[in-house]
Structure formats: structure tokens, C-alpha cells
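Take a look at the structure set out below.
The values are calculated or read from the model by the stated rules, or taken from the named source; none is laboratory data. This one's a predicted model, so the numbers in the text were calculated from it and none came from an experiment. We work out accessible area using only protein heavy atoms, side chains counted, and drop any ligands, DNA or RNA first. Shrake-Rupley method; radii C 1.70, N 1.55, O 1.52, S 1.80 Å.
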Amino acid sequence: MEKKNIFAQFHDLEANMGDLHQEIGTLKQVVKELLEENQRLMMENQQLRKVLQLENPLQEQHSETDAKSEYDSKEAEAMPNDAEPGSTVGEGYDNLARLYHEGFHICNVYYGHLRTEGDCLFCLSFLNK
């Protein structure tokens, strides 16, 4: 009788672990979606600030945000040594590099998804072409 009780407990524990694993997966997906939405809203907010500054040039200039200066420094690091800021690399390449540095995939495998695990070799190889 005791052996049946132990197997029943293992079965219940296994079912609970399966439910917990599914719940963790769901929560992970929700967090990923929230991070993507947060990044999208930050970019939209930055664009709206630029539009607002263009419409109201007489308004007092506010200091640049830390994100903007961080983006500029990352962009400067990403540029090859022989490339100059005004070189003819192309606006499309600049946009893809900006997206990558903002934390999104630009490779054909995960394009547009948020990079949650550091650098992506596919994206880096695409940028180095």
C-alpha cells in the first residue's frame, strides 16, 4: 500500500511541476512582450520629443537624456576605424545598426525580436558584411 502512495505522490508532483513550467513559460513571454513594448514606447517618446523641439524652437532646451548619449557612444564604438561619420555606408545600414544597439535582432532568423541573451552571432555577421 505504501508503494502506491509514493507513486501517487510522484505523479502529483510531476503534474504540479508541469503546470509550474507552463506558468513560468507564460510569464517569460509576458515579460518579453512588456520589454518590447517598453522599448517601442521609449523610441516613440524620443521621436515625439524631437518633433516637439522642432515645433517649439524658442522653448528652453533641456539636457540630452542618458539614453541618447549612451546610444551615441555605442554608435561611435560600432563604427569601423576607417569609417568616418559622414561616409557613404548608407542610411539603411545605420538604421539596422541603431536597431541592433537598441536591443533588437536584425538577422533573418529573429528579426525584430528583443535580444535577451546578449549579442547574436547572426546579427553581428550581418553587420560586418
Residues located in region 89-110, provided they are of a type outside the set (D, E, K, R) and over 11 Å from the mean Cα position of the chain (by Cα): Val89, Gly90, Gly92, Tyr93, Asn95, Leu96, Ala97, Cys107, Asn108, Val109, Tyr110
Conditions (1) open to solvent by less than 90 Å² (accessible area, probe 1.4 Å); (2) at negative phi; (3) modelled with pLDDT of 50 or more; (4) assigned to a loop (DSSP other than H, G, I, E, B); number of the one not met by Gly112: (2)
Among the residues listed as Cys107, Cys123, the single one being at pLDDT 85 or above, assigned to a loop (DSSP other than H, G, I, E, B) and of a type outside the set (A, V, I, L, M): Cys107
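Okay, residues lined up against (1) open to solvent by 90 Å² or more (accessible area, probe 1.4 Å); (2) of a type in the set (Lys, Arg); (3) at pLDDT 90 or above; (4) under 26 Å from the mean Cα position of the chain (by Cα):
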position: Gly25; (1), (2), (3), (4): no, no, yes, yes
position: Lys32; (1), (2), (3), (4): no, yes, yes, yes
position: Arg40; (1), (2), (3), (4): yes, yes, no, yes
position: Gln47; (1), (2), (3), (4): yes, no, no, yes
position: Leu54; (1), (2), (3), (4): yes, no, no, no
position: Ser87; (1), (2), (3), (4): no, no, no, no
